[in-house]
Structures are given as structure tokens and as C-alpha cells.
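All remarks here apply to the structure that follows.
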């Protein structure tokens, strides 16, 4: 039987341990100075080298692998009797002449409290030739009394760059060459675990050979491919329910389960959320060019309000899917609600449908409308336009954004306005609530208790001119600014909004 690559390439020297420089440096110095402690606690994610370093320490001390190293799986030997047996062996089984004896307890957090307490005395005062090395992925579950008797060394996730380098070295030695994009994707899905990365590398090559693609890798991982996500994104734009159901049918044929599909969808739209609100995040840098390109296309087709609605639907189904007796049906209904907003009855979906009915966020030029004031606002609704005769023409960017993305741009607009306005005038604009009212109208809502601010904003054409200029520059949109004094609370507004939505869509109960 062929030996697994992760075992074949397990590090045997301190210099071979990848990505744990601090731990290696500390242990190297202690071995060199002959002052190793009697007990260590190695904690960190799985597959990052905790057990490997424990074995390396034993070999560096000259321990015989058969007689002087004892490995115990604390997950299956977690009872008091198991620890008592170990205590007896510690005290009565001698090591090779003149050598240390090393006990490695893996998954030590799985010891019962009684077993941990039975271990304390031996851990605190072991025979002089004994060294204990405890390993765990969950240090918070290890008793404090155990931790306090050890030297705690924290292992970190291995960087994707280091994982790719290691896979390339193994690939050259084994003549298992994969495309760099596939290696990068393997590193991403390894989540900092080199062992998982090597396993996935071996599985991918053995299944698809040197011509393996990222989509082949997605199949192994139980994830949707980039082509399938492209279909889903296009279906959201065109409301093509048949296309998205075909994606599901094909995924089922490949053996994907509803949970696998939802994990893929959750990951994709969460990445899109980061792209829209935090485009410089390092999480996005690690994505493959195909996925990143698809996310950028999706970002243009799905505005912020749509995305938040989709994420709400994802959160809801993730919460309920595991307990459902009809997971396939639940997944299909979820995608129907994503594709066709009119099928949803949750509050955010209804709000989005109202927006669509009123013509908001469409790509078409808005037709003139007669607006009717609601009870939310005082009779004083002031449309504001630039009155300065010498005002320069606004620098409108060629790239037009939907006002559905306004909340994404608002913090950036404020940041730019802060550079141009005095602190006093900037405080005016930060004290209002800016809301999209129609396709080309921004409503600055001032709290009822702050009529002074309301009057000041009416007089301050500098603020309004700058605001319209910034929106034109950043979003490529010519807008009208309206200033409104609110007279009712947000709670009343919400209640009224729900009432209106229920009346429009004939929904009796939205909860």
C-alpha cells in the first residue's frame, strides 16, 4: 500500500517544520542550552505541526522511537483509569539508559475533568527523565490547573504562500505537477492546515491528473463551480428560475447535498459582501482570478439592497436547513425567493418589492413623478438645488452606479466632505439620516428635536453643492437633495411601512 504523502513528508528536523518560526526558535534555544521544561502544551489549528514538533523534540533528545516515545490519544483514552495506567507507566517503566522518555498526549482537551485532576500530581512532579507534551486544538477546554503546570506554545495557521511552496516542492519530487491556480485554491481551502493541503493535493492529482482545473477541485470539495455561479448571478438579473433549478439538478447528480450547496452559496455572497463594502480586504486577495472576476461582475448586477436581502435569506435558511425534513425542497424555495422577490414574504423582500414598484434602483431613467407626503414627515420638505451662479459644472464620472448602492458610497462621501468643510459644517451633515427616496433624490432627514440644524442646512448651499458634486464624482449620478424634518419615531415609521406593505401585497402576517 502506498504511503500517504502527508506521512511521507512529515518533518523530521526542526528546520523542516513549516510556518512555526517562533515555536521552533524557542525549542531550539532550550535544546541548545539543555533547559527543556518538563511539560509543554502545544495549541493551535489542526495539521500545523504540533505532533510533528513533539516527535522532533524526542528524536533531538536521542529517544528510541519504540521504547522512549509514548503517544496517547486522549480522545479515546480519556477516563480516570486510562490516566492511572499512564501514571503507573511513568513511575515504573524505565527509559533507555541515560535517555529521556517523552509522553505525547494528543487532543488533551478531551480528557474528563476527573482524568485531568488525576493527572495533575504526575504532571507537576514527574520523574526527572520524563517530558510531557500535550497537544490540543481547543486550549480553552483544557483545565487551568493543567495549563498552569505547562509551558504553553501557541501554533498559528500556516500562510497560503507557505502551503503553495510546500506543495510545489512535493509535486516536483513526486512528479505530480498541478496548475498554480489549482494550488492556490487548494491552499485557500486548506484554511492554514498544511496536512489538509497535502491531502487535498494528493486527492486532486490522483483523481484528475495534471490537467486538474479549479472546477474539478470544487467537485472534490462538494462546491458549486464558477460556471454554476455565473448562471445563478445571471438568473438573479433575468429572473430565470429554470436556469437556476437546472444548476441544482446538475449539482444533485454530482452528489452534492443541500448543505454543500448552501455552504458554497453562503461563501460566494459573503465574498461579494466584502467586495462591496471592504474591497481592500486580504480575504479577497486569496481568491482565484476566475472567482474574483465573477464577483466583480455580480457586484455590478446586484446592488447593496438586493445583496442584504439575499444575505438575510441565506442566514435564515442556514439556521433552519439542518432541522428540515425536506432539505432539497427548502433549498429550491430559497433560490426561488432569491430569483423572484415577489415570492418572498419577509420584511426586507417586501421593502425591496416596494422599491421596484416605485421605480427605485432600476437602470432606466426615472419618469417624472408626483410625490405625496407621508405622516413621517413635517409639512416642511425643502428641495434644495444649487443657487450659486458661479458654481462650476460637476465632474460626473463616466461610470454610473445605482442609488441602490448609496449606503456603500455614503461613508466615502462623508470622508471626502470632511476634507472640504469646516468642523462645524461637517458636523451638520453627520447629524442627518441620508436616505434614497427615488432614483435621483437623496433625502436628508433631520430629527424633530433639532430644528436649528434643519434651518442651518436650508441656508447652507455650500454643504448641498458639495454633496451633489461628490455623488456626481463618485457615483456618476446627478441627484436632487431634499431636506426633511421628521415628526414621528422610527418605530411608527416601521409600523406604517409594514402596514402599507401588507396592504399592497395582501400579506396578513409578516412574522
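Structural remarks
- Once segment 322-333 is narrowed to residues that are farther than 18 Å from residue 239 by Cα, touching a helix residue (DSSP H, G or I) at 6+ places or on another chain (Cβ under 7 Å) and modelled with pLDDT of 90 or more, the residue that is surrounded by the fewest Cβ atoms within 10 Å (Cβ to Cβ) is 328.
- The listed residue being more than 17 Å from residue 409 (Cα to Cα) and either touching a helix residue (DSSP H, G or I) at 6+ places or on another chain (Cβ under 9 Å) or touching a residue at least 24 places away in the same chain (Cβ under 8 Å) (or both), out of 437, 455, 451: 451
- Residue 233 vs. criteria under 16 Å from residue 265 (Cα atoms), over 23 Å from the mean Cα position of the chain (by Cα), in contact (Cβ under 8 Å) with a residue 40 or more places away in the chain and not in a loop (DSSP other than H, G, I, E, B): no
- Residue match in segment 272-279 (condition: more than 21 Å from the chain's Cα centre (by Cα), assigned to a loop (DSSP other than H, G, I, E, B) and closer than 29 Å to residue 306 by Cβ): no
- Qualifying residue in segment 263-272 (condition: modelled with pLDDT under 90, out of contact with any helix residue (DSSP H, G or I) (no Cβ under 6 Å at 6 or more places or on another chain) and surrounded by fewer than 16 Cβ atoms within 10 Å (Cβ to Cβ)): no
- Residue in segment 334-342 that is surrounded by fewer than 19 Cβ atoms within 10 Å (Cβ to Cβ), at pLDDT 90 or above and part of a helix (DSSP H, G or I) present: yes
- Yes/no for residue 444 being in contact (Cβ under 8 Å) with a residue 12 or more places away in the chain, closer than 23 Å to residue 407 by Cα and assigned to a helix (DSSP H, G or I): no
- For segment 461-472, the criterion of being under 40 Å from the mean Cα position of the chain (by Cα), surrounded by fewer than 18 Cβ atoms within 10 Å (Cβ to Cβ) and in the same structural domain as residue 410 (by TED's automatic domain parsing) is met by at least one residue.
- Counting the residues of segment 189-211 that are in contact with a helix residue (DSSP H, G or I) (Cβ under 7 Å, 6 or more places away or on another chain) and surrounded by fewer than 19 Cβ atoms within 10 Å (Cβ to Cβ) gives 5.
- Helices (runs of 4 or more DSSP H) wholly inside segment 94-176 that include at least 3 residues being outside the structural domain of residue 31 (by TED's automatic domain parsing): 160-174
- Which listed residue is under 24 Å from residue 221 (Cα atoms) and touching a helix residue (DSSP H, G or I) at 6+ places or on another chain (Cβ under 8 Å), from 283, 276: 283
- Checked against the criterion of being modelled with pLDDT under 85 and assigned to a helix (DSSP H, G or I), segment 476-489 contains not a single residue that satisfies it.
- Selected residue [in a loop (DSSP other than H, G, I, E, B) and more than 18 Å from the chain's Cα centre (by Cα)] from 219, 255, 293, 209: 255
The values are calculated or read from the model by the stated rules, or taken from the named source; none is laboratory data. Just so it is clear, the model here is predicted, and its values are computed rather than measured. Neighbour counts run over all protein chains shown; Cβ positions are idealised from the backbone, glycine included.
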